[in-house]
């Protein structure tokens, strides 16, 4: 982005989530490129992480425990108020072979400052998730 300032908040979020579906390594790069060093990522009822290292460690645990390889994101709605991006989306977590682990409907709020996510909260009900067993 030479010659321009930071991308608009919605553009930052759209590019960020699009990279999750490329490969696990690209997803990790997206997190280290886009999440600010001290950012909070609150995924209640699951984990709360602080900073890039904790976020990447959580993704690695998800890979080890459930075989997470990529996440395909369907954005249902998005709204922006200043530096705050609100999204309603469905995340489809997939294994290396492309099979579905689970689809989860999520409401998320991300604060984007200087082209990086500085605060991120996600809300979802795991009981409404659609799990798919391996094979």
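Just so it is clear, none of the values below were taken in a lab; they were calculated from the coordinates. No experiment lies behind these values; they were computed from the predicted model shown.
The Kirkwood radius of segment 89-131, taken over pairs of alpha-carbon atoms, gives through the Stokes-Einstein law at 37 °C and 0.692 mPa s a diffusion coefficient of 275 µm² s⁻¹.
Axis of helix 24-34 versus longest Cα principal axis of the chain: the two differ by about 30°, to the nearest ten degrees.
Once the Cα atoms of helix 9-19 and of the chain are each reduced to a long axis, what angle between those two axes, in degrees from 0 to 90 to the nearest 10, is obtained? Value to nearest ten degrees: 30. Helix 51-66 and the longest principal axis of the Cα set of the chain meet at an angle near 20°. Relative contact order, whole percent, for segment 9-131 stands at 26, derived from Cα pairs under 8 Å and 6 or more residues apart.
Mind telling me which of 18, 81, 39 comes out most flexible in a GNM of the chain, alpha-carbon contacts under 10 Å? Evaluated over the chain, the most mobile residue of the options is 81.
The length gained by stretching the chain between residue 60 and residue 90 to full extension, at 0.36 nm per residue less their Cα-Cα distance, is 8.7 nm.
Entry note: segment 16-135 has Rg to Rh equal to 0.94, where both radii use alpha-carbon atoms and Rh is the Kirkwood radius. Remark: C-alpha extents of segment 18-64 on the principal axes read 25, 23, 16 Å, sorted largest to smallest.
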